[in-house]
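Visitor: There's a structure below that I have some questions on.
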Amino acid sequence: MGPLVSGDGYIDYHFDMYEGKQVLNITVKKLPSGNYAYLDEEIYIRNSAETVKLSTREFDVWRATRNSED
(Lines give C-alpha, C1' and ligand atoms only; values in the text may rest on other atoms or scores of the structure.)
Protein backbone atom coordinates (compact mmCIF):
# COMPACT_ATOMS: atom_id res chain seq x y z
CA MET A 1 0.00 0.00 0.00
CA GLY A 2 1.16 3.52 -0.63
CA PRO A 3 1.40 6.57 1.60
CA LEU A 4 -1.70 8.27 2.95
CA VAL A 5 -2.19 12.02 3.27
CA SER A 6 -4.39 14.36 5.29
CA GLY A 7 -7.11 14.30 2.63
CA ASP A 8 -7.64 10.60 3.35
CA GLY A 9 -9.41 11.37 6.65
CA TYR A 10 -6.65 10.24 9.01
CA ILE A 11 -5.72 13.76 10.13
CA ASP A 12 -8.24 16.29 11.42
CA TYR A 13 -7.60 19.67 13.01
CA HIS A 14 -9.53 22.58 14.44
CA PHE A 15 -8.96 25.54 16.73
CA ASP A 16 -10.17 25.58 20.34
CA MET A 17 -9.98 28.07 23.19
CA TYR A 18 -7.93 26.93 26.20
CA GLU A 19 -7.40 29.15 29.23
CA GLY A 20 -8.31 32.18 27.15
CA LYS A 21 -5.90 31.35 24.31
CA GLN A 22 -6.50 29.87 20.89
CA VAL A 23 -4.85 26.45 20.42
CA LEU A 24 -4.67 24.07 17.49
CA ASN A 25 -6.21 20.65 18.23
CA ILE A 26 -4.91 17.88 15.95
CA THR A 27 -6.42 14.39 15.87
CA VAL A 28 -4.56 11.62 14.05
CA LYS A 29 -6.17 8.22 13.52
CA LYS A 30 -4.04 5.07 13.49
CA LEU A 31 -3.33 3.88 9.96
CA PRO A 32 -4.48 0.41 8.93
CA SER A 33 -1.88 -2.34 9.04
CA GLY A 34 0.51 -2.19 6.10
CA ASN A 35 0.00 1.55 5.53
CA TYR A 36 2.37 4.37 6.38
CA ALA A 37 2.63 8.12 6.02
CA TYR A 38 5.60 10.42 5.57
CA LEU A 39 6.47 14.11 5.75
CA ASP A 40 8.64 15.67 3.05
CA GLU A 41 9.69 12.16 1.99
CA GLU A 42 11.03 11.40 5.48
CA ILE A 43 9.57 8.88 7.93
CA TYR A 44 8.85 9.85 11.53
CA ILE A 45 7.29 7.75 14.29
CA ARG A 46 5.94 8.55 17.73
CA ASN A 47 7.72 6.87 20.64
CA SER A 48 5.86 7.81 23.83
CA ALA A 49 6.15 11.60 24.04
CA GLU A 50 8.84 12.02 21.40
CA THR A 51 8.98 12.05 17.60
CA VAL A 52 11.79 10.03 16.04
CA LYS A 53 13.09 10.35 12.46
CA LEU A 54 13.94 6.94 11.02
CA SER A 55 16.62 6.01 8.52
CA THR A 56 15.61 3.69 5.68
CA ARG A 57 17.01 0.69 7.55
CA GLU A 58 15.31 1.68 10.83
CA PHE A 59 12.02 2.09 8.94
CA ASP A 60 12.31 -1.42 7.48
CA VAL A 61 12.83 -2.88 10.97
CA TRP A 62 10.02 -0.78 12.47
CA ARG A 63 7.61 -1.73 9.67
CA ALA A 64 8.38 -5.44 10.03
CA THR A 65 7.88 -5.24 13.80
CA ARG A 66 4.68 -3.18 13.51
CA ASN A 67 3.16 -5.52 10.93
CA SER A 68 3.92 -8.60 13.04
CA GLU A 69 2.14 -7.03 16.06
CA ASP A 70 -1.09 -6.12 14.18
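The values are calculated or read from the model by the stated rules, or taken from the named source; none is laboratory data. These figures come from a predicted structure and were not determined experimentally. Glycine also receives a Cβ, built like all others from the backbone with ideal geometry; neighbour counts cover every protein chain displayed. Accessible surface areas use protein heavy atoms only, side chains included; no ligands, DNA or RNA. Shrake-Rupley method; radii C 1.70, N 1.55, O 1.52, S 1.80 Å.
Visitor: In square angstrom, what is the accessible area per residue of segment 5-58 with a 1.4 angstrom probe?
Guide: Here the per-residue accessible area is 88 Å².
Visitor: Sticking with this one: Can you pull out the chymotrypsin sites (Phe, Trp or Tyr not before Pro) in segment 29-70 that DSSP calls coil and that have at most 15 other Cβ atoms within 10 Å? Mind dumping the intermediate values first?
Guide: Details: sites: Y36, Y38, Y44, F59, W62; in loops: Y38.
For chymotrypsin sites (Phe, Trp or Tyr not before Pro) across segment 29-70 that sit outside H, G, I, E and B with at most 15 neighbouring Cβ atoms in 10 Å, the list reads Y38.
Visitor: Rounded to the nearest 0.05, what FRET efficiency is calculated for S55 and H14 with R0 set to 22 Å and r the Cβ-Cβ distance?
Guide: 0.05
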